[in-house]
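Data block below; observations after.
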Amino acid sequence: TPPPGALALARSLPRPTPCCGVTWAQVTWFKADKMVKLIHTLADHSDDVNYCAFSSSCLATCSLDKTIRLYSLNNFTELPYSPLKGHTYAVHCCCFSPSGHILASCSTDGTTMLWNTHNGQTLAVLKQPRGSPVRVCRFSPDSAYLVSGAADGSIVLWNVQSLKLYRSGSVKDGSLMACAFSPNGNLFVTGSSCGDLTIWDDKMRCLCNEKGHDLGVTCCDFSSQAVSDGEQGSRYFRMASCGQDNQIKLWLISLADFLGCELKYECTLNGHSAPVLACAFSYDGQMLVSGSVDKSIIIHDTKTGSILHTLTQHTRYVTTCAFAPDIPLLATGSMDKTVNIWQFDPKQHCAGSELEDEPKMSIENWSEEEVSVWLCAQGLKDLVGIFKMNNIDGKELLSLTKHSLTNDLKIESLGLRSKVFRKIEELRIKVDSVSLGIPDEFLCPITRELMKEPVIAADGYSYEKEAMENWISKKKRSSPMTNLPLQSLILTPNRTLKMAINRWLETQQKYNETT
């Protein structure tokens, strides 16, 4: 049943041009039902919620109240060191590095701050060159760079390892309101309050500039999945943008460097009756969520353009929305000072598509078919054919390296390779720490093996001595956990941790002797 007045409004409006293969008659309205349900509301901020972001284990939110709050995804309890305080004015945006070890936040105070997500400590305070309020910040997919965009139109590309300004530039007119990196990290897009979408390469060279939204761009996001135009077989990145014109637009950006950079309009998604303030793709690229001044959240099917769900729980403007990377969760934030957590039925999250559960048996014993099921569950359905062609079963899956993904499986996209390798690393952790029952704090972050000679490095983390010495010799002064410079190369034996590991080993030995 359409919302009250929707049909009358629809009849009074001119019929829009069909987009993404969908006609006006095919668009349907969905109430929030068992397919999407509200499971939790966070109400800890004392002012408007401006942004929310997920890592694989945490949710971060930021607010006009000058704070950033961190929550565990296990039960949505606030972490002990939250809230993070350091900004002197409103916090506009926050984002996790791809590894989840660093959180960036930016503020009206003209700074972008980096935080250690394990203990909440401040890692760096990066000052915008002219001190203008910073509206948006984003990490590159490889964590090498961080972009900050400000109200004066300035854009800074920071080197995350050195914490130095790498490149800077500015848009022609207006304030920087939005930014997003392509999945391979070769380019990023910015959106301005004047409505321009600008594409930049990793050297801060302007590749393309296009008027996206007449009244100003508010947000943009890339899908992690490449798409084909269906005609010449060309491959593109898909990007979404939204603006003050009440619209969401989908764009295609060419993947072929030799063709130059082209921002190609694909279609417009309608449904909101007021400015759209936020948009975000699901991690498999099949859904796009948007939040609006009309207080609603709309979830679109990106293949057909149809509306899957309309959620209306917030009582004021919806300012932010984000999908979790590994579980079927959606977070939405509002000027009503709350963040709502929504859960999807993973098997019905997208019309005409089912996401199967991961196989439950031992990963090493997965068959080729079970590996295919796992790929689909991770949003990597396009790789099923490649993995089957190379007879990848569970044992082979766990042995894959970055080198084999590139040279043996011929996965060309850097972003896609990085995502696959990250997912495989997570499986290896499950094998080590879950199947073997080893406490995670006993595992070396570098080797993911039980530590024998744990040492504490200058970054505050413990590592296996030999592994850390090899890391330092190859990676110089960077931290394996944060990618930030190590202030010292001194490694201090962690005798307390070694004693704890030895006690655990003794307990395991006694248990094995009695069973």
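Compute the signed sum of charges (Lys and Arg +1, Asp and Glu -1) over the other residues within less than 13 Å, Cβ to Cβ, of residue 333. Taking every Cβ under 13 Å from that of residue 333, the sum is -1. For the range 339-344, 3J(HN,Hα) computed residue by residue from phi via the Karplus equation (6.51, -1.76, 1.60; θ = phi - 60°) reads 10, 9, 10, 10, 10, 9 Hz, glycine and proline entered as x. When 334, 488 are compared by accessible surface with a 1.4 Å probe, the order from highest to lowest is 488, 334.
Do you know the relative contact order of the range 247-313, to the nearest whole percent, from alpha carbon pairs under 8 angstrom that are 6+ apart?
22
Between residue 85 and any residue 5 or more places off or on another chain, the built amide H atoms are never under 5 Å apart. Each residue of the range 315-330 was assigned a 3J(HN,Hα) from its phi angle through the Karplus expression (A = 6.51, B = -1.76, C = 1.60, θ = phi - 60°), giving 9, 9, 3, 8, 9, 7, 8, 7, 8, 6, x, 10, 9, x, 10, 10 Hz with x at Gly and Pro.
Accessible area per residue (1.4 Å probe, heavy atoms of protein chains only) ranks 389, 451 as 389, 451, with the largest value leading. In this structure, the residue pairs whose Cα-Cα separation is over 24 Å, taken from 172/303; 419/465; 303/381; 249/295, are 172/303; 419/465. 3J(HN,Hα) along the range 286-292: 8, 10, 10, 10, 9, x, 9 Hz, from the Karplus curve 6.51 cos²θ - 1.76 cosθ + 1.60 with θ = phi - 60°, whole Hz, x for Gly and Pro.
Look at where the Cα atoms of the range 32-108 and of the range 258-325 average out, and the two centres are 20 Å apart. At the residue level, residue 58 shows approximately 20 square angstrom of accessible surface with a 1.4 angstrom probe and all protein chains present. Annotation: amide H of residue 243 within the under-5 Å range of 218, 276, sequence separation 5 or more or interchain, hydrogens built in the peptide plane.
Spin-label model, residue 43 to residue 173: label points 7 Å out along the Cα-to-beta-carbon direction sit 4.4 nm apart. Amide H to amide H distances under 5 Å link residue 160 with 145, 146, where only residues 5 or more positions off or on other chains count and H is placed in the peptide plane. For the range 63-152, the list of trypsin sites (Lys or Arg not before Pro) that fall in a loop by DSSP and count at most 16 other C-beta atoms within 10 angstrom reads 130.
The values are calculated or read from the model by the stated rules, or taken from the named source; none is laboratory data. Keep in mind that this is a model prediction, so the values were computed, not measured. As a convention, Cβ positions derive from the backbone with ideal geometry for all residues, glycine included, and neighbour counts pool all protein chains shown. What goes into the accessible areas is simple: the full protein's heavy atoms, side chains included, and nothing from ligands, DNA or RNA. Shrake-Rupley method; radii C 1.70, N 1.55, O 1.52, S 1.80 Å.
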